[in-house]
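S.K.: Once you've had a glance at the structure underneath, I'll fire off some questions.
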Amino acid sequence: MGRKRGFAEAPVDSKMAAGCCGVKKQKLSSCSSSSTSSNNSNENHCKEVTRANGFSGCPGGRNMVVNSEMCCFCFDVLYCHLYGYQPPRSPRFTNDPYPLFVTWKIGRDKRLRGCIGTFSAMNLHSGLREYTLTSALKDSRFPPMTKEELPRLFCSVSLLTNFEDVGDYLDWEVGVHGIRIEFINEKGSKRTATYLPEVAKEQGWDHIQTIDSLLRKGGYKAPITNDFRKTIKLTRYHSEKMTLSYSEYLAHRQHHHYQNGIAHPLPPYNHYS
């Protein structure tokens, strides 16, 4: 069984980015990991940015917290930024702190367009504001998003909960747990990488394939042996996820136009290409 964690200190220099879904080649930087695959797998790759503190569990042990209004708020923030309007007011949903990811996909085939989040608990109002724009404009794998892309976008908000350190790198369930691994690479440097809970199931991977993919994404280039896998430190977690399309966002906002302080007209809906 895993050991549940509360707030825990992490090294100050632990800020980094890593894939959370799939394997698309990405630009290396001081806070990124990379791996390569075919171009059609790029919808399955997200990044994380880790801050100084960790987080475990759902505040107060409550039930599902994520909701469609969080996705609407992300669309509000992005829309206002792209069209040069004042940012929306603070939303009405809870402002409790959670680790979170904001993911953008585009088109009928829902190709990844940006995904960045944090494993540090952030108040949702400021956290979603920050990572909405970070994932849309600063994901190094993609050019900044444009307003012409808005009608084809899908927004997903993932809130991460129930973090548990486990002693066995196989002690997690495909399709149920997200996993984050920590390992020492060939140069003696500590590296980390993560996949959100849905990734392994979507890719059709088993435990070993998922672990090996994460190692490659974390920059490990040497042959992967079973003995090396046993040195991995693994944390498993759960995720609450909500996804909303731009058309669903427009339908919601046309009925609640001023809910988040938007005092400008929404653009006409354009069908997906």
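The values are calculated or read from the model by the stated rules, or taken from the named source; none is laboratory data. These numbers were taken from a predicted model, which means no experiment stands behind them. Methodologically, a virtual Cβ is constructed for each residue, glycine included, from the backbone with ideal geometry; neighbour enumeration extends over all protein chains shown. Each accessible area value is taken on the protein alone, full model and side chains, heavy atoms only, with ligands, DNA and RNA left out. Shrake-Rupley method; radii C 1.70, N 1.55, O 1.52, S 1.80 Å.
S.K.: Restricting to the range 212-236, and then to whatever is touching a strand residue (DSSP E or B) at 6+ places or on another chain (Cβ under 7 Å) and assigned to a helix (DSSP H, G or I), can you tell me which residue is surrounded by the fewest Cβ atoms within 10 Å (Cβ to Cβ)? If you could, list the steps in order and put the result at the bottom.
M.R.: Restricting attention to the range 212-236, the residues satisfying the condition of being touching a strand residue (DSSP E or B) at 6+ places or on another chain (Cβ under 7 Å) are 214-215, 217-220, 231-236.
Okay, now just the ones that are also assigned to a helix (DSSP H, G or I), so 214-215, 217.
Numbers: LEU214: 29, LEU215: 23, LYS217: 28.
Restricting to residues being touching a strand residue (DSSP E or B) at 6+ places or on another chain (Cβ under 7 Å) and assigned to a helix (DSSP H, G or I), the top hit is LEU215.
S.K.: On to the next question. Inside the range 132-185, can you point out the residues that are hydrophobic (A, V, I, L, M, F, W, C), part of a loop (DSSP other than H, G, I, E, B) and more than 26 Å from SER68 (Cα to Cα)?
M.R.: Within the range 132-185, the first condition is being hydrophobic (A, V, I, L, M, F, W, C), and the residues that meet it are 133, 136-137, 142, 145, 150, 153-155, 157, 159-160, 163, 166, 170, 172, 174, 176, 179, 181, 183-184.
Imposing the further condition that a residue be part of a loop (DSSP other than H, G, I, E, B) reduces the set to 142, 145, 170, 172, 174, 176.
LEU170, TRP172 - these are the residues of the range 132-185 that are hydrophobic (A, V, I, L, M, F, W, C), part of a loop (DSSP other than H, G, I, E, B) and more than 26 Å from SER68 (Cα to Cα).
To keep it simple, each residue is scored yes or no on (1) modelled with pLDDT of 95 or more; (2) under 16 Å from PHE183 (Cβ atoms).
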{"position": "VAL199", "(1), (2)": "no, no"}
{"position": "GLN203", "(1), (2)": "no, no"}
{"position": "GLY218", "(1), (2)": "no, yes"}
{"position": "THR225", "(1), (2)": "yes, yes"}
{"position": "THR235", "(1), (2)": "yes, yes"}
{"position": "THR243", "(1), (2)": "yes, no"}
{"position": "LEU250", "(1), (2)": "no, no"}
{"position": "ARG253", "(1), (2)": "no, no"}
{"position": "PRO265", "(1), (2)": "no, no"}
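S.K.: Looking at THR210, THR231, THR194, THR235, can you tell me which residue is of a type in the set (Val, Ile, Thr) and under 23 Å from ARG129 (Cα atoms)?
M.R.: Details: THR210 fails: under 23 Å from ARG129 (Cα atoms); THR231 fails: under 23 Å from ARG129 (Cα atoms); THR235 fails: under 23 Å from ARG129 (Cα atoms).
Just one listed residue meets the conditions, THR194.
S.K.: May I pose another question? Could you tell me which of the residues ARG111, ARG129, ARG152 is touching a residue at least 40 places away in the same chain (Cβ under 8 Å), under 20 Å from GLU198 (Cβ atoms) and either of a type in the set (Val, Ile, Thr) or open to solvent by 10 Å² or more (accessible area, probe 1.4 Å) (or both)?
M.R.: Matching residue, one of ARG111, ARG129, ARG152: ARG111.
S.K.: Determine whether SER126 is at pLDDT 95 or above, among the small types (Gly, Ala, Ser) and touching a Phe, Trp or Tyr at 6+ places or on another chain (Cβ under 9 Å). Spell out how you get there, then give the answer.
M.R.: Working: at pLDDT 95 or above: yes; among the small types (Gly, Ala, Ser): yes; touching a Phe, Trp or Tyr at 6+ places or on another chain (Cβ under 9 Å): no.
No; evaluated as a whole, the condition is false for this residue.
S.K.: Ok, one more. Inside the range 102-123, can you point out the residues that are over 20 Å from GLY178 (Cα atoms) and not β-branched (Val, Ile, Thr)?
M.R.: Initial filter on the range 102-123 (over 20 Å from GLY178 (Cα atoms)): 106-111, 113, 123.
Answer for the range 102-123, where residues must be over 20 Å from GLY178 (Cα atoms) and not β-branched (Val, Ile, Thr): GLY107, ARG108, ASP109, LYS110, ARG111, ARG113, ASN123.
S.K.: Looking at GLY204, GLY175, can you tell me which residue is open to solvent by 50 Å² or more (accessible area, probe 1.4 Å), out of contact with any Gly (no Cβ under 8 Å at 6 or more places or on another chain) and not polar (S, T, N, Q)? Spell out the reasoning first.
M.R.: Numbers: GLY175 fails: open to solvent by 50 Å² or more (accessible area, probe 1.4 Å).
Being open to solvent by 50 Å² or more (accessible area, probe 1.4 Å), out of contact with any Gly (no Cβ under 8 Å at 6 or more places or on another chain) and not polar (S, T, N, Q) holds for just one of GLY204, GLY175, which is GLY204.
S.K.: Report yes if some residue within the range 204-211 is more than 25 Å from SER120 (Cβ to Cβ) and assigned to a strand (DSSP E or B); otherwise report no. Break it down stepwise before answering.
M.R.: First pass over the range 204-211, keeping only residues more than 25 Å from SER120 (Cβ to Cβ): 204-209.
Subsequent filtering for residues that are assigned to a strand (DSSP E or B) retains none.
No - not one qualifying residue is present in the range 204-211.
S.K.: Taking the condition part of a loop (DSSP other than H, G, I, E, B), at pLDDT below 95 and among the charged types (D, E, K, R), does ASP109 pass? Outline the logic, then answer.
M.R.: Values: part of a loop (DSSP other than H, G, I, E, B): yes; at pLDDT below 95: yes; among the charged types (D, E, K, R): yes.
Here the answer is yes, as ASP109 does meet what is asked.
S.K.: When residues of the range 91-142 are filtered for being under 17 Å from PHE75 (Cα atoms), within 9 Å of the chain's Cα centre (by Cα) and β-branched (Val, Ile, Thr), how many remain?
M.R.: Of the residues in the range 91-142, 3 are under 17 Å from PHE75 (Cα atoms), within 9 Å of the chain's Cα centre (by Cα) and β-branched (Val, Ile, Thr).
S.K.: Out of PRO97, PRO87, which single residue is more than 24 Å from SER247 (Cα to Cα) and modelled with pLDDT of 90 or more? Give the derivation first.
M.R.: Values: PRO87 fails: more than 24 Å from SER247 (Cα to Cα).
Just a single option satisfies the conditions, and that option is PRO97.
S.K.: Here is a further query. Going through ALA193, ALA200, ALA136, ALA121 one at a time, which residue ends up being in contact with a helix residue (DSSP H, G or I) (Cβ under 6 Å, 6 or more places away or on another chain), of a type in the set (Gly, Ala, Ser) and in contact (Cβ under 8 Å) with a residue 60 or more places away in the chain?
M.R.: On the way: ALA200 fails: in contact (Cβ under 8 Å) with a residue 60 or more places away in the chain; ALA136 fails: in contact (Cβ under 8 Å) with a residue 60 or more places away in the chain; ALA121 fails: in contact with a helix residue (DSSP H, G or I) (Cβ under 6 Å, 6 or more places away or on another chain).
Testing whether each residue is in contact with a helix residue (DSSP H, G or I) (Cβ under 6 Å, 6 or more places away or on another chain), of a type in the set (Gly, Ala, Ser) and in contact (Cβ under 8 Å) with a residue 60 or more places away in the chain leaves just ALA193.
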